[in-house]
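The values are calculated or read from the model by the stated rules, or taken from the named source; none is laboratory data. Quick caveat, the model's predicted, so the values are computed rather than measured. Every residue, glycine as well, gets a Cβ built from its backbone with ideal geometry; the counts of neighbours run over all protein chains shown. For the accessible areas, the whole protein counts, side chains as well, though only heavy atoms, and no ligand, DNA or RNA atoms are used. Shrake-Rupley method; radii C 1.70, N 1.55, O 1.52, S 1.80 Å.
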Amino acid sequence: MSIHQTSFVLSVEDLTVSFDGFKAVDGLTFYVEPNECRVMIGPNGAGKTTVLDLICGRTRATSGSVRFKDQELLSMREDQIVLAGVGRKFQTPSVYEDLSVFENLELSFPRGHGVFGSLFFRRDAEVKDRIQEIAETIFLADLLDEKAAFLSHGQKQWLEIGMLLIQDPELLMLDEPVAGMSVAERKKTAELLNRIIDHRSVIVIEHDMGFVEDIATRVTVLHQGKTLSEGKMDKVKNDPKVIEVYLGH
Amino acid sequence: MQIDRKTRFLTREEAIYFGLLAAVIFLILPLALDSFRLNLFGKYLTYAFVAIGLVLCWGAGGILSLGQGVFFGLGGYAMAMFLKLEASTPEATAIQSTPGIPDFMDWNQITALPWWWEPFNSLAFSLIAVVIVPVAFAFIIGVAMFRRRVGGVYFAIITQAIAAILTILIIGQQGFTGGVNGITDLRTLKGWDIRTDEAKEILYFVNAVLLFACLFAAQYVRRSKLGRLLIAMRDQEDRVRFSGYDVASFKIFVFCLGAAFAGIGGAMFTLQVGFMSPTLVGIVPSIEMVIFAAVGGRLSILGAVYGTLLVNWAKTTLSESFPELWLLGLGALFIAVVMFFPNGLAGLWSEQVMPRLRKLFAGRGAGARPPAAPFPANSASAPDSPAAKAAAE
Ligand SMILES: Nc1ncnc2c1ncn2[C@@H]1O[C@H](COP(=O)(O)OP(=O)(O)OP(=O)(O)O)[C@@H](O)[C@H]1O
Ligand SMILES: [Mg+2]
């Protein structure tokens, strides 16, 4: 019953990865529509991060298929997947600590990604304006010249989100974007995410249920590498299987 | 609040430091030293080419190669082959059983010049080979290693093994390479006798000009987006990869650039010292070159030049009086640098000396700016870097 319909931005079918016999993701199938915000929830170790790793090429799948707008991602190199339009934020904030906020954003600007392109890259007005614009979006406009090492945990998360935004990916994948944030930062992040998920497809992994309810179009509940339940939030929330393995505790 | 974020080739401060080094190399050393000592410093400076390449590869990009002697040697041998052929005219080698071929070939019962020596009759070919051969070799190693994501300590060990293998190969193929003695008895370059004091003085300045050309090239790379990408890769390789960069190709590029610098240095060594031998290719010289860069400061291209000069000057002075202590001293120096001054002399200067000088002059109201660190330090990775482990062995 595989649906070869091109209207999906992302089609994941029968995706399986086995680490020495342990199937962290096991025959997973799901589809993401344009402008959809898909939230993935599930207990620790359910395989959520691994799914993102498989989509963006960080981990090689054992079998299955991941199609992004008719391109098979599983046979592509990581950087090619990114340039095709898939952006990924990691679970722990990864920014370049030794570089300034400005330089962090600049490295993600979608131009000059080859060796010689970056050797002769020019920091022109277009680059500066775009960085300024993104910096305002992610609340870091006043800290552009600060070394990223001096940012707070929450600010680093924002910076990494900004680094993705500047790439303007069609599919944005965020792994626990509000984890470890203060309540105030959380609120600001929710506001930020609501703004940026507007005209693109997003996959978010998150544990914070209030946050999930706020942003999700649809929810996929993952358990032991398989889909436990999928659908609108209120449907999933009342699914007895979900309550038993995840929401119950 | 509009801050000027121009990417200048040199900041004012850096321009001063470049000027100071130029003064040392072009004025002070030639004026202060007799022609024997000047030639000695010219030799030291050929190692600085390697050290500059290491600053880019290791300091900026986090790629530690313990086999840079290979590229130094390849460049040096390319130059030596040309000079040897020029010195082996049929007249000059009339007493050999096969006149017209290098003497060591004749000693090894070789009766015709091997085909791969032939092109080295051409100066143009040889000069191109000085750069291209090391770069091509680095490219092959780079593709084989970096495409497979071999890095860190493994890469360091493999490059060291390559240095060992090449040395053994050169020594074993005595008839083609001159074996353990190397290629010696080099005389003229297109008829110009390179053994005279005057020629050595000229070669010193040629070497100095080439060194500055490499320094400027390295500075350009550091200032470019590629330079910042190297730092980014050193700290967060995955983030760079998932920002759409093919990380391996950047590593291959910087490794090849370092090899090109080393090849030029090797050729200048051959010209100034008058021979090339496997003792400059192997593990020990390769590690020594890493130490030069570490002592000078692995984040600073200028520091690497000072480090090279200083360590070599100390080596010559000390090993004249205490030959057996030198290697111990060098090892101790390296460990001390890695443990206590991870950014070497350049770090000591910009972190300790400059702030104090600034404080001293701050009273006059001069606009004190924070020191522009040559390369932002990655302090966390310094003490447990592969080099530290290698040194501890
Ligand atoms: N490279 C790997 N090798 C072996 N096992 C792995 C690997 N990557 C992940 N796993 C295992 O796969 C399972 C799923 O891990 P994953 O990180 O995807 O979970 P998660 O749902 O993101 O959990 P969390 O909510 O804690 O982030 C875990 O049991 C983990 O130990
Ligand atoms: Mg996870």
- segment A:93-145, residues that are more than 23 Å from the chain's Cα centre (by Cα), more than 10 Å from every other protein chain (Cβ to nearest Cβ) and aliphatic (A, V, I, L, M): A:Ala125, A:Leu143
- Query: Considering segment B:132-162 alone, what residues qualify as being surrounded by 16 or more Cβ atoms within 10 Å (Cβ to Cβ) and within 20 Å of B:Met81 (Cα to Cα)?
  - Reply: B:Ile132, B:Val133, B:Pro134, B:Val135, B:Phe137
- Selection count where residues are polar (S, T, N, Q) and within 33 Å of the chain's Cα centre (by Cα), scope segment B:86-127: 6
- Message: For B:Asp197, only one of the following conditions fails: (1) closer than 18 Å to A:Glu103 by Cβ; (2) in contact with a helix residue (DSSP H, G or I) (Cβ under 8 Å, 6 or more places away or on another chain). What is its number?
- Response: (1)
- Might you check whether a residue that is at pLDDT below 95, in contact with a strand residue (DSSP E or B) (Cβ under 7 Å, 6 or more places away or on another chain) and over 21 Å from A:Leu228 (Cβ atoms) occurs anywhere in segment A:11-32? no
- Task: Have a look at A:His199, A:His153 and point out the one that is more than 22 Å from A:Ser100 (Cβ to Cβ), open to solvent by 10 Å² or more (accessible area, probe 1.4 Å) and more than 14 Å from chain B (Cβ to nearest Cβ).
- Result: A:His199
- The lone exception for B:Phe120 - which of (1) in contact with a Phe, Trp or Tyr (Cβ under 7 Å, 6 or more places away or on another chain); (2) part of a loop (DSSP other than H, G, I, E, B) it fails: (2)
- Task: Select the helices (runs of 4 or more DSSP H) contained entirely in segment B:3-70, then report the ones holding at least 2 residues which are within 17 Å of B:Lys200 (Cα to Cα), more than 14 Å from every other protein chain (Cβ to nearest Cβ) and of a type outside the set (D, E, K, R).
- Result: B:29-32, B:35-54
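Please work out which residue is nearest to B:Thr188 (Cα to Cα), limiting yourself to segment B:78-116 and to residues that are among the aromatic types (Phe, Trp, Tyr) and buried (at least 18 other Cβ atoms within 10 Å of the Cβ).
As a first pass, look at segment B:78-116 and keep what is among the aromatic types (Phe, Trp, Tyr): B:82, B:104, B:107, B:115-116.
This time we only want the ones that are buried (at least 18 other Cβ atoms within 10 Å of the Cβ), so: B:82, B:104.
Details: B:Phe82: 10, B:Phe104: 18 Å.
So, considering only residues that are among the aromatic types (Phe, Trp, Tyr) and buried (at least 18 other Cβ atoms within 10 Å of the Cβ), the one nearest to B:Thr188 (Cα to Cα) is B:Phe82.
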- Note on the structure: For segment A:39-81, the count of residues that are of a type in the set (D, E, K, R), away from ligand 1 (no atom under 16 Å from the Cβ) and either away from chain B (no Cβ under 12 Å) or touching a helix residue (DSSP H, G or I) at 6+ places or on another chain (Cβ under 7 Å) (or both) equals 5
- Item | Selected residue [facing chain A (nearest Cβ under 9 Å) and surrounded by fewer than 21 Cβ atoms within 10 Å (Cβ to Cβ)] from B:Tyr220, B:Tyr245 | B:Tyr220
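Pick out the one residue from A:Leu159, A:Leu165 that is more than 16 Å from ligand 1 (Cβ to nearest atom), under 18 Å from the mean Cα position of the chain (by Cα) and at pLDDT 95 or above.
Going through A:Leu159, A:Leu165 in turn, the sole match is A:Leu159.
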- Query: Can you list the helices (runs of 4 or more DSSP H) found entirely within segment A:1-110 that contain at least 1 residues being more than 16 Å from ligand 2 (Cβ to nearest atom) and open to solvent by less than 10 Å² (accessible area, probe 1.4 Å)?
  - Reply: A:78-84, A:101-108
- Message: It is to be established whether one or more residues within segment A:186-195 are under 21 Å from the mean Cα position of the chain (by Cα), free of Cβ contacts under 8 Å to residues at least 12 places away in the same chain and away from every other protein chain (no Cβ under 11 Å).
- Response: yes
- Is it true that A:Leu228 is crowded, with 20+ Cβ neighbours inside 10 Å, of a type outside the set (Ser, Thr, Tyr) and at pLDDT 95 or above? no
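With A:Pro169, A:Pro177 as the choices, which residue is surrounded by 21 or more Cβ atoms within 10 Å (Cβ to Cβ) and away from chain B (no Cβ under 13 Å)? Steps first, please.
On the way: A:Pro169 fails: away from chain B (no Cβ under 13 Å).
Of A:Pro169, A:Pro177, the one residue that is surrounded by 21 or more Cβ atoms within 10 Å (Cβ to Cβ) and away from chain B (no Cβ under 13 Å) is A:Pro177.
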